[in-house]
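The values are calculated or read from the model by the stated rules, or taken from the named source; none is laboratory data. Everything numeric in this text was worked out from a predicted model, so none of it was measured. Note that each Cβ is placed from the backbone with ideal geometry, even for glycine, and that neighbours are counted across all protein chains shown. Side chains included, ligands, DNA and RNA excluded: accessible areas come from the protein's heavy atoms. Shrake-Rupley method; radii C 1.70, N 1.55, O 1.52, S 1.80 Å.
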Amino acid sequence: MSTLRPTDAQRVARYRAVLEAAITRDRLASYVPPGGDDLSVVTTYFWNACLSRDFHTSLGAVEIAARNGINRALSAHANHPNWYDHIALL
């Protein structure tokens with residue numbers, strides 16, 4: 001539970017209402033921690049957004065590394081950098 005001043009708690013409650021309207025109450029419900037107040041819900045939602053952003057950045061780097069590794073392996077197999085012109089793909 002947070003210890004916000006009443007005016008701040010009202011602002012957070014309004015913000016949660018706007019967030020609920022934008023992403024739906026059901027979607028936001030998955031971010032409600034046990035005994036969570038409005039501030040906990042909003043904080044958890046944005047913490048998850050940041051975590052997802054960082055995960056997808058790392059996932060993108062892994063995807064590029066995998067694609068480059070496949071390209072290197074196929075280039076070595078075809079003995080040519082344009083392997084796609086030298087290997088029957090279908």
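For the chain, the relative contact order is 21 percent, taking Cα pairs closer than 8 Å that sit 6 or more residues apart in sequence and dividing their mean separation by the residue count.
A convex hull fitted around the alpha carbon atoms of the stretch 1-71 yields 108 Å³ per residue.
Set the Förster radius R0 to 41 Å, insert the Cβ-Cβ distance between ALA73 and PHE46 as r into 1/(1 + (r/R0)^6), and round the FRET efficiency to 0.05.
Details: r = 41 Å, r/R0 = 1.00.
The formula returns an efficiency of 0.50 here.
Here the Gaussian network model covers the chain, with springs between Cα atoms less than 10 Å apart; of ASN79, ASN71, ASN48, ASN79 fluctuates the most.
Averaged per residue, the chain has 78 square angstrom of accessible surface, using a 1.4 angstrom probe with ligands and nucleic acids left out.
In the stretch 18-71, with Lys and Arg counted as +1 and Asp and Glu as -1 at Cβ, which of these residues, THR57, ALA21, GLY36, has the Cα nearest the positive end of the dipole, that is, farthest along it? Projecting each Cα onto the dipole axis, the largest value belongs to THR57. Computed over protein heavy atoms with a 1.4 Å probe, the carbon and sulfur contribution to the accessible area of the chain reaches 61%.
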